[in-house]
Structures are given as C-alpha cells and as structure tokens.
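The values are calculated or read from the model by the stated rules, or taken from the named source; none is laboratory data. For clarity, every value in this text was computed on a predicted model and none was experimentally measured. Virtual Cβ from ideal backbone geometry, glycine too; neighbours counted across all protein chains shown.
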Amino acid sequence: MSEPGSGGEPVATAAPEARRIARGALWATLEVWGVELLQLLAFLLLARLVGPEAYGLVALAMAFVLVPQNLLVHGGWIEALVQRPELSRAEVDSVFWLLAGLGLVSTCLLLASAPLVSSWFGLPELGPLLAALSVCPLLTSLMVVPAGLLQRRLALAPLALRSILGAGVGGAVAVALALAGAGPWALVANEIAWPLAGAVVLGLAAGHRPQPAFALRQVRAIGCFALGITGEQLVTLGELFLPRLLLAAAAGPIAVGLWGLARKLFELSAELVTRPALRVALPGFARLAHEPRRLSEGLATAVELTALLAVPGYLVGVVLAPDLVATAFGEPWREAGEALRLLALSGPILPLGLLLTSAFQAAGRADLVLALGVAGGLVLLALLLPLLGWGAYGVAAAFSLRGWLLLPARLLLARRILGIAIGSVLRPLLPILLAGAAMVAAALLVRGVLDEPASLASVGLAAGCAIVTYLLALPLVARPALRRAALGLRAARGGVDRRTARLKESGWGHHL
C-alpha cells in the first residue's frame, strides 16, 4: 500500500486519516469554545463582584506561578512526545517522573518565596494568595505526559472533557465564593480548578500508569528537542512577567488588573480561533515536514480556515472593544477595553505566526523557535521602555507593534528553511480581509449614526450589523474558503468517496 497522501493512493485509504484529523479538529474546537465561553461567563460575573484591585493582586501572584506552570505545559515536552516517530514505555515513564519532580520543586520554591514576594511589593495580602496558588505547578506536572499521549494519537475528547470540567466547576466555585465576599480568593479557586481537573481526567483517559523507574538516557533525546521550545517559552514568560512588575511598581495593582483583563480577553479570543487548529497542526505538519509543497498547502489551508474566524473578531475589537468591555464588565474597566483595542490590531496576523511556529516545530527546528522568541523579546523590550509611561495602553501598543515587525522575519525563515511558498500562504487571506474591511465600515457607520454613549443596545446593534455584513460579503469574495471549510466539516462527520476526493483536492485531506 502506498504511503498516505501519495499521488497513487486510493481515496478510501486516505479517508480514515483525513477523518481522524478532522474529528480531532472538531473535538479541539468544542473544547476551546466550551471552555472559553464558560470562562467568559465567569469573568463577566467575577469582574463586577471583585473589582480591578483583586484581579491585579491575583494577576501579580500568577505572574510567579505561570513561570514553572507554563514551562511544564508549553516547554516542549508535549510537542516532543507528539513529534517523535516512536516512543518506548521507558521514555514515557522517565519523562513523567522528571516533570513530576520539577513540579514538586516548583511548588516548594513558590511556597517558600511567598513571604518574600509579599514584603518586596509591600502588599501583605499577596503572600497568602501566592502560597495557595503554589500547588498549581505540581498538579500541572501530572497531566503533561497524559496530554501528550492523547494528542499524539489525536484522541482529543478527554482533553475537551478536562478543560470543560475545570472551567465549569472552577467558575461555579469562584462565583459562589465571590458572592460570599471572598474577594481575590474566588479567583484563586478558579486558577486551581484547571490543573486539578487535568491531573484527574487526563491521567485516567490516557491509560498511562507510570512504573517506579527513571533513566536519564531515556529522556535525553526528548529533552534536547524540548530545550529549544523551553528557551522560547522562557522569553514568553518574561513577556508576561515584566509588564506586570513594571506596572505594579509604577501604578499599583489596579493598573496590573486593567492590563491583565485586556490581555486575558485577547488571549481568550486567540484560544477560540487558533487552538483547535494548533492541536492538529503539529501532528499534521509533522507528516509533511519533508514535503515543502504539501506543507505549504497544509499551512495555507490552516491559515485560511482560522482567518475566517479570527479576522472578524479582531476587527470588531478594533472598533468596539472599549464599549464592549465597559458594557460587559462595568465602566471602571473601560481602560482595559482601550488596551484591548490596541492588542486587536495584531489579531489578524496572530494565527499565521502561531501556525508558522508549529511548522518549525514539526520540522524539528526548535532552534528557530527559540531564536525568534529571543528576537521578539528584545524587540518588545525596546518598544516597551519608551511606551510604559502610557500604562496599559503603552504595553498593549508595544505588543501589537512587535507582532507586525516580526512577521516578515518569520515568513522569510519559513521560505528559506522549510521551503514554504509564502505567496500561496498569504493569498487566501486577501478576500477574507476584504470582507473584514466591509464589516468594519458597517460597524463605524452604525456607531456614527447612533452618536450616543455606549449601551447594550447600541453596542449590540453595531456588532450585529458588522457580523451580518461579514457573512454577506464572504460568499461574494471568499467562496473557495467557505467551500473548503464545508468539506472539512463533512470529513469530521465521516464523509468518504467523492466527498473525500474533493477534500483531498482542496488540500484538507493532506493535513487538517
């Protein structure tokens, strides 16, 4: 039987692989949208109940917790487990115990440093919050290997259950505590719920029962791959950590809370659009890493399909973010909406950048990911220092400018190192951006005609008109993108034969 995806392959042979990848994307989409909508609902309630200062305190404490937690989850270990052609039981067990040990050490260090951090910032209430949150890295370390094993075989339903359970239970407990007057402790409970649910659900679903054995040589090759991604993640964590510290020193916890909400809402929107594609992009791209033409086709389709959702959301944010945030969270949060508007300017190119990173990882070029991360961190620092005087606005402007400045370098490296045809990747974005421009014009027209202070009715009318305009414009200027999206949904339902043949011709059957 010929290799999957080769020119002489029968349609029926490729159909199971296409269905498996498309179903994985569907489960990832259900997970992300379910979780993020639950979290958004919790945010809407908690923001009004606890206020910016409580958010600022927990955001400051989480800046310390996120360092070990994100290094465990996003430090390259999951990607290494997915990317390796074969895995032995000894390798899996050794990685599990290594990460569990790192998680335990991180929890102990955070617990011991909580009083020092509290004293350094002159915020007595910060120490107990950090001490409680210190359990997060340990819980996180227990779910990394199960998550990698499940993602490796595209069994994404347990990942969806984990996330939805953590968001639902955590949000309900947090709101109940906030109503009882717990203040920032309600947010602490919400942060702990996600790794706790992950440790339980993923551990059971993956079927991995680690043996009490550890061999350093078994993790050496995996660790070498993960090291490059870990370095890039350290830079990313610095980008999370440094603005919060600078804002806390310059303006206090309220400024940190405003920036934290703006960034959280921006990340939430990115999760809704990009994470489903990223979940299947790495294993899909890994199969095509040595075939530049098919990799270009796969990347182009992934960018196109994510842009269908990303472009309208971010462009609406550019126009309506301050009014949306003030209407949803209350007028004290309007400044967070202004910062979100600046962040949204980089939104249309965000999926492209993240998918390019997945392509580099799939090709085993974690060194490029690290180099781009370091360059991005230096550019951000150079922009941040002169703009920090504007508070949350300046930080948001620095992040948005950095995204656009680094895009040409990412595209150039993708062409030279991976052989990506940049024109074929960027071309599908043009009609989607044209539909987005029509949508922005509609939103501006409605807001200009109404000419009144923001209200739920006026903001809803402007957003509704913008969305309707986008949906009407898409069939006129982006019909091929809609056709490919429909074929992908058919593959997720199990369509075969002629439908799968059309799917392969569109490029979907090779990757997503």
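Limited to the range 472-481, what total is found for residues that are surrounded by 13 or more Cβ atoms within 10 Å (Cβ to Cβ) and either in contact with an Asp or Glu (Cβ under 8 Å, 6 or more places away or on another chain) or not β-branched (Val, Ile, Thr) (or both)?
Going through the range 472-481 one residue at a time, the tally reaches 5.
In the range 366-382, which residue that is in contact with a Lys or Arg (Cβ under 7 Å, 6 or more places away or on another chain) and buried (at least 19 other Cβ atoms within 10 Å of the Cβ) is nearest to residue 414 (Cα to Cα)?
372
Just checking, does the range 168-185 include any residue being modelled with pLDDT under 85 and farther than 25 Å from residue 53 by Cα?
Checking the range 168-185: not a single residue is modelled with pLDDT under 85 and farther than 25 Å from residue 53 by Cα.
Listed here are the residues, each with its yes/no results for (1) crowded, with 16+ Cβ neighbours inside 10 Å; (2) of a type in the set (S, T, N, Q); (3) within 29 Å of residue 341 (Cβ to Cβ).
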| residue | (1), (2), (3) |
| --- | --- |
| 360 | yes, no, no |
| 385 | no, no, yes |
| 392 | yes, no, yes |
| 425 | yes, no, yes |
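Looking at residue 120 and the list (1) of a type in the set (Phe, Trp, Tyr); (2) modelled with pLDDT of 80 or more; (3) in contact with a helix residue (DSSP H, G or I) (Cβ under 7 Å, 6 or more places away or on another chain); (4) within 27 Å of residue 54 (Cα to Cα), which single condition is not satisfied?
Exception for residue 120: condition (3).
Quick check on residue 53: is it touching a Ser or Thr at 6+ places or on another chain (Cβ under 9 Å) and of a type in the set (D, E, K, R)?
Criteria not met by residue 53.
Given (1) within 16 Å of residue 300 (Cα to Cα); (2) exposed (fewer than 14 other Cβ atoms within 10 Å of the Cβ); (3) modelled with pLDDT under 80, identify the lone condition not met by residue 453.
Result: residue 453 fails condition (1) only.
If I filter the range 311-345 down to residues being of a type in the set (Phe, Trp, Tyr) and modelled with pLDDT under 85, which single residue comes out as surrounded by the fewest Cβ atoms within 10 Å (Cβ to Cβ)?
Filtering first and then ranking leaves 329.
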